[in-house]
Amino acid sequence: MKINAVRYVSEPPVTPFAPTWDFTLANAQIDIDLDKLKDLILEKEVEIKEKFVSDLNDGQTGLGTDSLTARFKYFNVLKWNSPECKKLHESIREIHTKYYDTLVGGDIPPLKIRCWANVLRKGEFIDKHSHAYHPHTYLSGHFCVSTTNTSTNYIPPYTDWGDDIIVKNNPGELTLFPTWLPHYTTKTEVDEPRITIAFDIVPSEGCLHLDEDNLVEL
């Protein structure tokens, strides 16, 4: 798997009070049957939305409680019994290992992952949000299943509007980024649904607040 990575590092501070940052975005093209994965997600969307109708939270995405995204804590795509989901799981593990070895090195700690799907229809977009920023915050990512002329835009810390990092959504591409990094998407302008898969990787010792039934080992 060829991984492309870009590291964003602040200039060295001149004063003891100047802000600093250091983060890396990585992406890789994954060979998965996207049509089968798309059909599976659309089939599961109907089932999940009918089954879970209360205690919903769209994660500050602005998609509302009628969305599949608002049920993210009730299902895990990586638990679905399909070759495509198994391949995605393996690919996330592989890109994470290379990311960790390059930036940190040493033994990888025990990790778990929660993973959900997003289905956006014409006119919809995901608002600016971040997945978490607590002390155990680790890495997140998304995988593009079916996208047409949209992008995911990342907002570096301490920057002005217009300095966003714009990443075009290419079907079959997996992106890894720090969980705390704020991001949003552009509007879906076509009739074909925009379908993506998102995930959070969490240290096993830091996921006690999460539902174990919704987690899998990385």
Looking at (1) over 19 Å from residue 60 (Cβ atoms); (2) surrounded by 20 or more Cβ atoms within 10 Å (Cβ to Cβ), which is the only condition residue 105 fails?
(2)
Can you name the condition, by its number, that residue 109 falls short on among (1) farther than 22 Å from residue 131 by Cα; (2) in a loop (DSSP other than H, G, I, E, B); (3) out of contact with any Gly (no Cβ under 7 Å at 6 or more places or on another chain)?
(1)
Please give the number of the condition residue 73 fails out of (1) in a loop (DSSP other than H, G, I, E, B); (2) modelled with pLDDT under 95; (3) within 23 Å of residue 174 (Cα to Cα); (4) not β-branched (Val, Ile, Thr).
(1)
Cβ-Cβ below 6 Å, separation at least six or inter-chain, first residue in region 179-193 and under 13 Å from residue 127 (Cβ atoms) and touching a residue at least 40 places away in the same chain (Cβ under 8 Å), second of a type in the set (A, V, I, L, M) and in a loop (DSSP other than H, G, I, E, B): which pairs?
182/155; 184/126; 185/126
Of everything in region 11-45, what is free of Cβ contacts under 8 Å to residues at least 24 places away in the same chain, surrounded by 10 or more Cβ atoms within 10 Å (Cβ to Cβ) and not in a helix (DSSP H, G or I)? Give them in sequence order.
13, 18, 20, 22
Could you list all residues from region 46-68 that are part of a helix (DSSP H, G or I) and either within 18 Å of the chain's Cα centre (by Cα) or of a type in the set (Lys, Arg) (or both)?
49, 51
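Within region 135-155, restricting attention to residues that are in a loop (DSSP other than H, G, I, E, B) and under 23 Å from residue 78 (Cβ atoms), which residue is farthest from the chain's Cα centre (by Cα)?
It comes out as 136.
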In region 74-100, what residues are touching a residue at least 12 places away in the same chain (Cβ under 8 Å), within 17 Å of the chain's Cα centre (by Cα) and surrounded by fewer than 17 Cβ atoms within 10 Å (Cβ to Cβ)?
74, 79, 87, 93, 94
For region 32-65, the count of residues that are modelled with pLDDT under 95 and among the acidic types (Asp, Glu) equals 2
Taking residue 102 as meeting all but one of (1) outside any helix (DSSP H, G or I); (2) closer than 19 Å to residue 174 by Cα; (3) among the β-branched types (Val, Ile, Thr), write down the number of the exception.
(1)
If you take the residues of region 189-218 that are farther than 26 Å from residue 4 by Cα and in contact with a Phe, Trp or Tyr (Cβ under 8 Å, 6 or more places away or on another chain), which of them is modelled with the highest pLDDT?
214
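The values are calculated or read from the model by the stated rules, or taken from the named source; none is laboratory data. Keep in mind that this is a model prediction, so the values were computed, not measured. We place every Cβ from the backbone using ideal geometry, glycine too, and count neighbours over all the protein chains shown.
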